[in-house]
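**Student:** After the structure tokens below, expect a handful of questions from me.
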Amino acid sequence: IKECDWSSDVCSSDLLEISTVVTSSGFISAFVEIDDDEILQDNRRYVNFYIPEKINVGLFSDNSSDRQFILPALTSGRNKNDIKIVEANSNQLASLNLTNFDVIIFIPSKSFTNLKRLQNYIESGGSLVLFPGSSINKTSFQAILSQLHITANIKASGKKNTNENYLSFDKIDFAHPVFENLFTKKKKKEIDSPKIFFHFKIDYKNFARYIITLNDKSHFLTEIKNGMGKIFIFNTAPVLSWSNFPIKGIFAPLINKSISFLSSKNMSHKGYIAGDEVNIKLNNAKRGLIEIIKPNKSAEYINLDESMNNNYVNYKRTDQTGIYKVKDDNRMLYMFGVNTNPNESLQEYLTKKDFEEYLQKINFKGKYIPIDKSQNPLSVIKQARFGSELWKYFILIALILAVIEMLVAKNNKKEMIEIKK
């Protein structure tokens, strides 16, 4: 949100998060609108996102024991029928089609030489929950973060399989959507903290949101945005040798809420503005014609056999602001929002000198006519287009000639009188 005092040309901005409960799945569109101001065209911003009807989760780990608490957490809740889980070894990240998963849970216990496919999946809009595996060391975990384009310094802290000198939760960001509806309204928001015996102290260099921190100021649960995707990183393994987190009451709800939050895709992350080219993702499209419905309800048709390339279609005719819907036989395939270019709302003026220098820079060969604030722009433009109206000048000339004629006639009359005398 940006607020400006136009009398002093001072502007300030702030970030506002708006939460709501969505009762349906599929493609969801919305808009945010502010009160009328000097420029009406930019008062509305369009957003859209996708909530899958059934969440496809890929659970990848090197040791089956590392996922022994994750599986019951996902299959015992009231949303168990909404989640489909595929278990696999971490090595299969290189062979399975990752785009089939809405969320991937990755629990590595060793170093990996190539996580390029996982990184591409995240950058393209996929979501990841990352736990350290039970036998991984700090060097290997830091190398995994580096391959996911996350820069961080890691230190191991604590001792495994001990109940002494443990850490607890310190600060919790209850405003994060992952805690939405976890507590009754009348009940104070409190979490029975687990005992953390061993963990990685991760010093992130990327921009991150710290959801839960421990009392040694390390980050237990962190959210990082990577390309168009999101990553949740836990700093302790989901096993009892590292902590008693897997058997605490918060474990199953937090895992389920994390999956639900990460599975919803914000499709407005690109921030398309009018005139931009949009890459429409069509993984499940049939060959043939697709229909693109513009904000004004007009429709366009594209032949996929000719235009589709690697499950994408490049669409350039984004001349209207609003929500665009992409359909295939009345089935919604994709949705994207287009907004007004914010640069068009800037109310700063160039001086005449600055504008002339700009024209010189772009090698402008035409003619420009400045319009003063006191002038009527329509009149100036009309005059520049058709030229000046001459009737005013003819009237002025006629008046001048009439005066001259009167003076000449008067002098002639005097001369005639003198001659008669």
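The values are calculated or read from the model by the stated rules, or taken from the named source; none is laboratory data. Since the structure is predicted, the reported quantities are computational estimates derived from the model, not experimental observations. FYI the Cβ positions are ideal-geometry reconstructions off the backbone, even for glycines, and counts take in every protein chain you see. The area values use the complete protein model at the heavy-atom level, side chains included, leaving out ligands, DNA and RNA. Shrake-Rupley method; radii C 1.70, N 1.55, O 1.52, S 1.80 Å.
**Student:** Mind checking which of GLY249, PRO238, GLY125 is farthest towards the positive end of the chain's charge dipole, using Cβ charges of +1 (Lys, Arg) and -1 (Asp, Glu) about the Cα centre?
**Tutor:** PRO238
**Student:** Next up: Is the C-alpha gyration tensor of the range 45-188 telling us rounded, prolate or oblate? Criteria: a/c under 1.5 is rounded; beyond that, a/b larger than b/c is prolate, otherwise oblate.
**Tutor:** rounded
**Student:** Starting from the Cα gyration tensor of the range 344-408, take the square roots of the eigenvalues, sort them a ≥ b ≥ c, and report rounded, prolate or oblate (rounded when a/c is under 1.5, otherwise prolate if a/b is larger than b/c, else oblate).
**Tutor:** prolate
**Student:** Please state the charge dipole magnitude for the chain, taken about the Cα centre, from unit charges on C-beta atoms (+1 on K and R, -1 on D and E), reported in debye and rounded to the nearest 20.
**Tutor:** Its charge dipole is roughly 360 debye.
**Student:** If you don't mind, another one. Taking only complete DSSP H runs, can you tell me which helices of the chain stretch 30 Å or more along their own long axis by Cα positions and average at least 0.5 on the Kyte-Doolittle scale?
**Tutor:** Span-like helices here: 391-420.
**Student:** Go ahead and run the numbers for FRET between ASP82 and LEU289, Cβ-Cβ distance against an R0 of 35 Å, rounding to 0.05.
**Tutor:** 0.60
**Student:** So how much slack lies between ILE400 and GLN375, counting 0.36 nm per residue of separation and subtracting their Cα-Cα distance, in nm?
**Tutor:** Full extension of this stretch gives 6.2 nm more.
**Student:** Hey, what did the chain get for relative contact order, percent, Cα under 8 Å, at least 6 apart?
**Tutor:** 13
**Student:** For a Förster distance of 35 Å, can you work out the FRET efficiency between the beta-carbons of SER24 and ALA384, rounded to the nearest 0.05?
**Tutor:** Efficiency computed from Cβ-Cβ geometry: 0.05.
**Student:** While we're on this one: Treat each spin label as a single point 7 Å out from the Cα along the C-beta direction, and report the PHE355 to LYS54 distance in nm.
**Tutor:** A separation of 6.2 nm, rounded to one decimal place.
**Student:** Quick one: accessible area per residue over the chain, 1.4 Å probe, rounded to a whole number of Å²?
**Tutor:** Ligands and nucleic acids excluded, the result is 63 Å² per residue.
**Student:** Heavy atoms only, 1.4 Å probe, whole protein assembly: order ARG67, ARG317 by accessible area, highest first.
**Tutor:** Sorted descending by solvent-accessible area, the residues read ARG317, ARG67.
**Student:** In addition: In what sequence, largest accessible area first, do LYS110, LYS84 appear using a 1.4 Å probe?
**Tutor:** Heavy-atom accessible area, descending, gives LYS84, LYS110.
**Student:** Next question. Considering only DSSP states other than H, G, I, E and B, which GluC sites (Glu not before Pro) in the range 348-394 qualify as loop sites with at most 14 other Cβ atoms within 10 Å?
**Tutor:** In loop regions of the range 348-394 (DSSP not H, G, I, E or B), the sparsely surrounded GluC sites (Glu not before Pro) are GLU348, GLU389.
**Student:** Grab the Cα-Cα distance for LEU407 and ASP37, subtract it from 0.36 nm times how many residues apart they are, and report the gain in nm with one decimal.
**Tutor:** 127.1 nm
**Student:** In the full protein assembly as shown, how much of ASP82 is accessible to a 1.4 Å probe, in Å² to the nearest 10?
**Tutor:** In the full protein context, ASP82 sits at about 70 Å².
**Student:** Shifting gears a bit: Could you sort the peptides 337-343, 54-60, 236-242 by per-residue average Cβ neighbour count (10 Å cutoff), highest mean leading?
**Tutor:** Top to bottom by mean Cβ count within 10 Å: 236-242, 54-60, 337-343.
**Student:** Measure off, as a whole percent, the carbon and sulfur share of the 1.4 Å-probe accessible area of the chain, all protein chains present.
**Tutor:** 50
**Student:** Let me ask another. When the chain is fully extended, how far beyond the present Cα-Cα distance does ASN137 get from LYS116, taking 0.36 nm per residue of separation?
**Tutor:** Stretched out fully, the ASN137 to LYS116 stretch lengthens by 5.5 nm.
**Student:** Quick one: order ASP42, ASP37, ASP319 from most to least accessible surface, probe 1.4 Å.
**Tutor:** ASP319, ASP37, ASP42
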